[in-house]
Amino acid sequence: MNLKLVRPTIEYADQVMQYKEAMIRNGDSLDGCAGLEDVKNFSQWIEFESRLKKKYGREYVPSEVFLAVRIDDEKVVGIID
């Protein structure tokens, strides 16, 4: 499987939320998903920098967020924070 890392954009909004649902349904952890477990929709999630700063205050450590996308079909298969 060939993957590419891309920054989250509205183009992937539905897939990101489907990813969240699948992870929850499978009982998997959403660690490393930029607080995806705390939001109800993509527009809330994409504001992860300001949301996580508010949540963690001085303990917040900035990071980059990428989607792991399968090249063959452009499917989101992971989130890397």
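Numbers at a glance
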item: Trypsin sites (Lys or Arg not before Pro) restricted to the chain and DSSP loop, no more than 10 other C-beta within 10 Å; result: 40
item: 23 Å Cα cut-off, lysine pairs counted over the chain (separation 8 or more, or different chains); result: 11
item: Heavy atoms of residue 79: accessible area, 1.4 Å probe, square angstrom to 10; result: 20
item: Degrees, to the nearest 10: 13-25 long Cα axis against longest axis of the chain; result: 80
item: If the convex hull is drawn through the Cα atoms of the chain, its volume per residue in Å³; result: 93
item: For the chain, calculated [θ]222 nm from helices alone, where every DSSP H run of n ≥ 4 adds -39500 (n - 2.57); result: -9000 deg cm²/dmol
item: Nearest-20 debye value, the chain charge dipole, Cβ charges on Lys, Arg, Asp, Glu; result: 260
item: Average Cα contact separation per residue, the chain, under 8 Å, 6 or more apart, as relative contact order %; result: 43
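The values are calculated or read from the model by the stated rules, or taken from the named source; none is laboratory data. Predicted model only: the values in this text are computed from it and were never measured. A quick note on method: Cβ atoms are made from the backbone with ideal geometry, for glycine too, and the neighbour counts reach across all protein chains shown. Side chains included, ligands, DNA and RNA excluded: accessible areas come from the protein's heavy atoms. Shrake-Rupley method; radii C 1.70, N 1.55, O 1.52, S 1.80 Å.
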